[in-house]
Amino acid sequence: MGKIIAIANQKGGVGKTPTAINLAASLAVLEKNVLIIDADPQANTTSGLNFDPENSDHRTLYEILIGKLSAKDALIQTELPKLHMIPSHINLVGAEIELLDVKERESILKKALAPIKDDYDYIIIDCSPSLGLITVNCLTAADSVMIPVQPEFFALEGLAKLIQTIRLVQNGINPALTIEGFVVTMYDGRTKVHNQVVAQLREHFTDMVFQTVIQRSIRLSEAPSYGKPIILYDVMNNGTSNYLNLAKEVLDKNENANG
């Protein structure tokens, strides 16, 4: 049975989309069947995997949420054989309003993914940097949440609101939702502040923080502009080994939980 992991943080610029793209790509390289869903109207994951959101032919998450298309009919094959994508579009902004009067509107995505969930080992959802209805749909559909954290002091303060939202979803519509873990992104080991924040994270959240940290890298930042995950853009880059290690941690954690 497939596992759905939402990548979420309401603070922008923390490496959420690169984490979604590169974790999904790394899992696919490790021979897992993976689906990545772009649930952000900015569609950065969509363009970051070399697909133009404007050439979507109306096969995006928006059409799925408003009931015009099944999830299966929106699937797109990426450059990696074991990685499919459901793209996003700016129209997704309007879905928040269009779904307001829909019955059980928080569970639309969960129901839409049910027929294809078992076709994949992992479904990775790149959430919008907001805590609106679309993100709530993602958290309702998800089995767990992975939270990218930039190692800056203000980042720690911003986690409280996200955790509060996760608890609201747990207490209401998705009691099985868990926190997959916190992953440190844009890390520079030469920076005193970065090391202090990582130490604080590990002290406060203990084993909920992944051992793997994602190092700051220009090549990692460049890769999306070429429509590629880092593993296809620069296989020798630290970002490639970082995300492969993160994927292995995710696999180990879930295999141990199921074993």
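Odds and ends about this structure:
- Looking across segment 85-140, the residues that are modelled with pLDDT of 95 or more, assigned to a loop (DSSP other than H, G, I, E, B) and crowded, with 18+ Cβ neighbours inside 10 Å come down to PRO87, SER88, ILE116, TYR120, ASP121.
- Among the conditions (1) under 18 Å from SER47 (Cα atoms); (2) assigned to a loop (DSSP other than H, G, I, E, B); (3) open to solvent by 60 Å² or more (accessible area, probe 1.4 Å), MET236 misses just one, which is (1).
- Among the conditions (1) out of contact with any strand residue (DSSP E or B) (no Cβ under 6 Å at 6 or more places or on another chain); (2) over 25 Å from PHE182 (Cα atoms), ILE76 misses just one, which is (1).
- Among the residues of segment 19-38, those that are aliphatic (A, V, I, L, M) and buried (at least 24 other Cβ atoms within 10 Å of the Cβ) comprise ALA20, ILE21, LEU23, ALA24, ALA25, LEU27, ALA28, VAL34, LEU35, ILE36, ILE37.
- Selection count, segment 48-70, where residues are assigned to a loop (DSSP other than H, G, I, E, B), free of Cβ contacts under 8 Å to residues at least 60 places away in the same chain and crowded, with 22+ Cβ neighbours inside 10 Å: 1
- Every condition in (1) out of contact with any Lys or Arg (no Cβ under 7 Å at 6 or more places or on another chain); (2) buried (at least 16 other Cβ atoms within 10 Å of the Cβ); (3) modelled with pLDDT of 90 or more is met by GLN77 except one, and the failing one is (2).
- Pairs meeting the criteria (first residue in segment 4-17 and closer than 13 Å to THR178 by Cα and open to solvent by less than 10 Å² (accessible area, probe 1.4 Å), second residue among the hydroxyl-bearing types (Ser, Thr, Tyr) and at pLDDT 90 or above, beta carbons under 6 Å, at least 6 apart or on different chains) are ILE5/SER144; ILE7/THR19.
- So LYS103, is it among the basic types (Lys, Arg) and free of Cβ contacts under 8 Å to residues at least 40 places away in the same chain: yes
- Restricting attention to segment 85-100 and to residues that are in contact (Cβ under 8 Å) with a residue 40 or more places away in the chain and touching a Leu at 6+ places or on another chain (Cβ under 8 Å), the residue that is nearest to ILE36 (Cα to Cα) turns out to be MET85.
- Selection from segment 71-84 of residues that are under 16 Å from ALA39 (Cα atoms) and touching a helix residue (DSSP H, G or I) at 6+ places or on another chain (Cβ under 7 Å): ALA71, ALA74
- From ALA199, ALA176, residue being in a loop (DSSP other than H, G, I, E, B) and open to solvent by 20 Å² or more (accessible area, probe 1.4 Å): ALA176
The values are calculated or read from the model by the stated rules, or taken from the named source; none is laboratory data. Source: prediction; values computed, not measured. Glycine gets a Cβ as well: all are built from the backbone with ideal geometry, and neighbour counts include every protein chain shown. All accessible areas refer to the heavy atoms of the entire protein, side chains included, with ligands and DNA or RNA removed. Shrake-Rupley method; radii C 1.70, N 1.55, O 1.52, S 1.80 Å.
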